[in-house]
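S.K.: Right, I'll just put the structure down here and ask away after.
The values are calculated or read from the model by the stated rules, or taken from the named source; none is laboratory data. Everything quoted here is computed from the prediction, not taken from an experiment. Cβ: placed from backbone, ideal geometry, glycine included. Neighbour counts: every protein chain shown.
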Amino acid sequence: MIFDRLLVHDAVTWNALITGCSADAFKDDAMGILLKMEGEEISPDSVTLSTILRACSALGALEEGMRIHLEVMKRGFEDCFTGCSLMDLYAKCNSFLDCQSVFSEIPDRDVACWNVLISGFADQGMNTEALNRFEQMQCEGVHLNPETFVCILQSCTIDIGRTLHANLVQEKFEQISCVSSALVNMYVKNGLLSEAYEVFSDQIFHDIISWTALISGFVEGGLTKEAFNFYKQMRMEGQSPSLVTLVCLLKACELESLDEGRKFHAMIVKRGDEGDSLIGAPLVSIYAVHGELSEAEKLFEKLPARNTALWTALIAGYTDHGKFKEALTCFEKMQDDGIPPDLSTYVWAFQACCGLKDLDMGLALYTVAVKSGIEQATPIGSVLVELFTKCGMHVESREIFDSLPVCDLFTWTTLISGYVQCGYMEEAVNCLRDMQTDGITPDAVVWDLVISGYAEYNDYEKTVELSAMMQQQGLLPDTSILLNIVHSCTCALVMEVGKRVHAQVVNLSGANSLFESAFIDLYGKCGNVNYAEKVFQGFPTKDLIPWNSLLISYALQGESKAVSLLLERMIELNINPDGNSFQSTFIVCSHAGLLFESHCYYQLMKYCFGIMPTIKHLTCFVDLVARAGQLSFARIMVETMPFQPDLVLLHAMLSGCRILGNVQLGHEVFAFAKSLDRGHAAAYVLMSNIYIEDPLSIYT
């Protein structure tokens, strides 16, 4: 070592050594070197102590830093230079009371002191405090330098940011590289990508920080193709990506293309950066997100630095692709290796418990989270609510929800979703009201959940009422909600409201065959077949769904000829009918008593199109055969069918027995129906009608 060969070790040479250790990967050696320096009876000066404080700051070594602070006070080095180093230490270690205390004790505070204080608040996301200090700084007449603007821009709202942008232009600071990069970042963080690009384009020189800020913003905004184009421009200008740039690009690959991800992976390997702790997790995440879990596992095993982010990326991949047991096994291995999970890790692990509906594992995981001190974090609370809900424990789910210090939109959505899934619609609506009382505005997802729930239970009035409430709050119903409203109108046979929705949908870009079928169903079931035909004819492209909708519309109105012609037309156009298509033919034949035609359709379905009859098909067929007086044939069909008859089919048989007065067979069918559901009223009503037709049969 060169230092050991020097004849004289004074404060200058020791400072140079400490600075070198603090600036590279040997930060841990800086404290040991100070002890050696003191052992040689060389007193550290303010430069020495400031340098060591910067090392403590980089290491997050608060206790060691506080020891150096005492040394600073003892030696009287409480100047701006040392004070800035102390403030930086306390800010980075989240000890803001100490940071402000040091700031207040510095006698002649210059712009550098203010910058460190503002930067400390901004770095920790304490934007209000940063802005307040910035205003105080101006009130005290401290002259702002470019670094001041760099510090404060990361805490700005867009209005303040634009004002500062104007000030920067006035001060002629906007072309300074670090300032223009901070401006780009400010616009990006506020979602104004076009303005960020405008600032970027005005730069004389684009450094890697500017490129990274721009690429990051477009990736976060989901504009991955533009992000890749910026990367190509960056390379054409001769700039090489930093590790942070590559992390942003890998995120774009998660959203866009695994092939692009492989190319970047090859570049990272070539650069020798694959083992860097910053790059490992994004690399694993690319393969995991795209379902290449075996590749993700191989890469994970190969990487030397397995930090929290890397483990979390693999756990997230397993959970995302339904490999819940593997995710929890991975979580256990992570703990065995002594790697502390962070909030994101716990959330993914809880999601795995939700996927398995494993309440015991979820509670065990919660115990671990409590020991880590993060159990009260909102995301943890949300997945706990989801877990208890999925396990059917709604009372406990609500208790956990009520115990959370803060309930965000996601938590409310989780609770409401659980109620809807279990049919507790009144509780779901109460939650919808309560969340608004708490100042949380429900988004389209929440409204969709509740509206679709009522639509599922055929509650037309509530479906329409909630849709109106949603629109009063300025949210337009999406495709899903509109379909649910139409479905409710169809079930309630309310055509007028459905017509109004139809008028809304006409100009909707997302209108498709689902809407076409929904409106054909609506008009057909409400008895207006002419409207149904017009809707059918109005859509240029037709898949099987609208054809089936028109078939059932004709069938329900008893239009047997129209059903037959439409089925023939389908076959001519090479649109193969499915089981639902033939169900319509059986319904219309059953209503019209067309036994021969029904038999022909049955043969066509089974032998020409290879569609095996379902219990719904056979129910229609049995109903027709029984009412046509062929009870023996109907009985053979029931006894030889490949599945157990349900109550609907048995009711069809009982109806046939009543029509023909076949009490004996009626008794047998009734006994079978009772064995399936003793409390089902319809079977008793049908059997009593048989007795009414032939009262004496009661005594036989």
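S.K.: Any chance the stretch 357-364 includes a residue that's assigned to a loop (DSSP other than H, G, I, E, B), hydrophobic (A, V, I, L, M, F, W, C) and in contact (Cβ under 8 Å) with a residue 12 or more places away in the chain?
M.R.: No, the conditions are met nowhere in the stretch 357-364.
S.K.: If I go through the stretch 243-273 residue by residue, how many of them are under 29 Å from the mean Cα position of the chain (by Cα) and not in a helix (DSSP H, G or I)?
M.R.: Total satisfying the criteria: 2.
S.K.: Also, I was wondering about something else. Would you be able to tell me the number of residues in the stretch 380-421 that are in contact with a Cys (Cβ under 7 Å, 6 or more places away or on another chain) and polar (S, T, N, Q)?
M.R.: Adding up the residues that qualify gives 0.
S.K.: When the residues of the stretch 631-646 are filtered to those that are closer than 25 Å to residue 581 by Cβ and touching a residue at least 12 places away in the same chain (Cβ under 8 Å), which remaining residue is surrounded by the fewest Cβ atoms within 10 Å (Cβ to Cβ)?
M.R.: Restricting to residues being closer than 25 Å to residue 581 by Cβ and touching a residue at least 12 places away in the same chain (Cβ under 8 Å), the top hit is 643.
Condition check ((1) under 12 Å from residue 186 (Cβ atoms); (2) crowded, with 22+ Cβ neighbours inside 10 Å) across all residues:
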| position | (1), (2) |
| --- | --- |
| 126 | no, no |
| 129 | no, no |
| 134 | no, yes |
| 142 | no, no |
| 148 | no, yes |
| 157 | yes, no |
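S.K.: Could you check how many residues of the stretch 390-412 are under 12 Å from residue 435 (Cβ atoms) and assigned to a loop (DSSP other than H, G, I, E, B)?
M.R.: Residues flagged as under 12 Å from residue 435 (Cβ atoms) and assigned to a loop (DSSP other than H, G, I, E, B) within the stretch 390-412 amount to 2.
S.K.: Restrict the check to the stretch 81-99 and report whether at least one residue is part of a helix (DSSP H, G or I), touching a Cys at 6+ places or on another chain (Cβ under 9 Å) and surrounded by fewer than 17 Cβ atoms within 10 Å (Cβ to Cβ).
M.R.: No, every residue in the stretch 81-99 fails to be part of a helix (DSSP H, G or I), touching a Cys at 6+ places or on another chain (Cβ under 9 Å) and surrounded by fewer than 17 Cβ atoms within 10 Å (Cβ to Cβ).
S.K.: Where residues in the stretch 571-604 are more than 43 Å from the chain's Cα centre (by Cα), of a type in the set (Phe, Trp, Tyr) and buried (at least 17 other Cβ atoms within 10 Å of the Cβ), which of them is farthest from residue 531 (Cα to Cα)?
M.R.: For the stretch 571-604, the residue satisfying everything is 602.
S.K.: Then there is this: Filter the stretch 610-629 for residues that are part of a loop (DSSP other than H, G, I, E, B), surrounded by 17 or more Cβ atoms within 10 Å (Cβ to Cβ) and among the hydrophobic types (A, V, I, L, M, F, W, C) and give the result.
M.R.: 611, 628
S.K.: A follow-up question, please. Tally the residues that are part of a helix (DSSP H, G or I) and exposed (fewer than 14 other Cβ atoms within 10 Å of the Cβ), restricting the search to the stretch 413-433.
M.R.: Total meeting the criteria: 3.
S.K.: Also, I was wondering about something else. Output the residue which, of all residues in the stretch 365-387 that are out of contact with any Gly (no Cβ under 8 Å at 6 or more places or on another chain), part of a helix (DSSP H, G or I) and more than 28 Å from residue 305 (Cα to Cα), is modelled with the lowest pLDDT.
M.R.: 378
S.K.: Looking only at the stretch 527-570, filter to residues that are of a type in the set (Gly, Ala, Ser) and closer than 20 Å to residue 502 by Cα; which one of those is nearest to the chain's Cα centre (by Cα)?
M.R.: Filtering first and then ranking leaves 549.
S.K.: Restricting attention to the stretch 212-239, which residues are within 27 Å of the chain's Cα centre (by Cα) and acidic (Asp, Glu)?
M.R.: The answer is 220, 226.
S.K.: Going by the structure shown, is residue 623 of a type in the set (D, E, K, R) and either over 26 Å from residue 558 (Cβ atoms) or touching a Gly at 6+ places or on another chain (Cβ under 9 Å) (or both)?
M.R.: Spelling it out, residue 623 is indeed of a type in the set (D, E, K, R) and either over 26 Å from residue 558 (Cβ atoms) or touching a Gly at 6+ places or on another chain (Cβ under 9 Å) (or both).
S.K.: Now, a different point. Would you mind telling me which numbered condition in (1) more than 24 Å from the chain's Cα centre (by Cα); (2) within 16 Å of residue 348 (Cβ to Cβ); (3) aliphatic (A, V, I, L, M) residue 310 fails?
M.R.: Status for residue 310: all satisfied but (1).
S.K.: Further question: Given the conditions (1) under 25 Å from residue 209 (Cβ atoms); (2) in contact with a helix residue (DSSP H, G or I) (Cβ under 7 Å, 6 or more places away or on another chain); (3) of a type outside the set (Lys, Arg), which single one is not true for residue 169?
M.R.: It fails just one condition, (2).
S.K.: Could you figure out which of (1) of a type outside the set (Phe, Trp, Tyr); (2) in contact with a helix residue (DSSP H, G or I) (Cβ under 7 Å, 6 or more places away or on another chain); (3) farther than 20 Å from residue 252 by Cα isn't true of residue 273?
M.R.: (3)
S.K.: List the number of the failed condition for residue 609; all other conditions in (1) touching a Pro at 6+ places or on another chain (Cβ under 7 Å); (2) closer than 17 Å to residue 640 by Cβ hold.
M.R.: (2)
S.K.: Residues in the stretch 138-166 that are assigned to a loop (DSSP other than H, G, I, E, B) and over 19 Å from residue 112 (Cα atoms): how many?
M.R.: Qualifying residue count for the region: 2.
S.K.: Taking the residues in the stretch 205-241 that are touching a Phe, Trp or Tyr at 6+ places or on another chain (Cβ under 9 Å) and outside any helix (DSSP H, G or I) as candidates, determine which candidate is nearest to residue 274 (Cα to Cα).
M.R.: 241
S.K.: Follow-up question, since we're still on this one. List pairs: first in the stretch 160-189 and within 19 Å of residue 128 (Cα to Cα), second modelled with pLDDT under 85 and polar (S, T, N, Q), Cβ under 8 Å, 6+ apart or cross-chain?
M.R.: Going by the 8 Å Cβ cut-off, the qualifying pairs are 161/190; 182/154; 185/154; 186/154; 189/154.
S.K.: Now a separate question. Is at least one residue of the stretch 587-599 over 21 Å from residue 619 (Cβ atoms) and not in a helix (DSSP H, G or I)?
M.R.: The answer is no; no qualifying residue exists.
The rows are residues; the columns are (1) polar (S, T, N, Q); (2) out of contact with any Gly (no Cβ under 8 Å at 6 or more places or on another chain); (3) closer than 28 Å to residue 254 by Cα.
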residue: 322; (1), (2), (3): no, no, yes
residue: 328; (1), (2), (3): no, yes, yes
residue: 332; (1), (2), (3): no, yes, yes
residue: 335; (1), (2), (3): yes, yes, yes
residue: 349; (1), (2), (3): no, yes, yes
residue: 354; (1), (2), (3): no, no, yes
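S.K.: Checking residue 468 against (1) more than 24 Å from the chain's Cα centre (by Cα); (2) free of Cβ contacts under 8 Å to residues at least 24 places away in the same chain; (3) assigned to a loop (DSSP other than H, G, I, E, B): exactly one of these is not met. Which one?
M.R.: (3)
S.K.: Any idea which of (1) of a type outside the set (Gly, Ala, Ser); (2) within 30 Å of residue 235 (Cα to Cα); (3) over 35 Å from the mean Cα position of the chain (by Cα); (4) modelled with pLDDT under 85 is the one residue 143 doesn't satisfy?
M.R.: (2)
S.K.: Considering only residues that are assigned to a helix (DSSP H, G or I) and either aromatic (Phe, Trp, Tyr) or surrounded by 22 or more Cβ atoms within 10 Å (Cβ to Cβ) (or both), which ones fall in the stretch 329-346?
M.R.: If the condition is that a residue be assigned to a helix (DSSP H, G or I) and either aromatic (Phe, Trp, Tyr) or surrounded by 22 or more Cβ atoms within 10 Å (Cβ to Cβ) (or both), then 330, 331, 345, 346 are the ones that fit.
S.K.: Right, another one. Of these, 498, 524, which one is part of a helix (DSSP H, G or I), more than 27 Å from the chain's Cα centre (by Cα) and at pLDDT below 80?
M.R.: None of the other options fit; the residue is 498.
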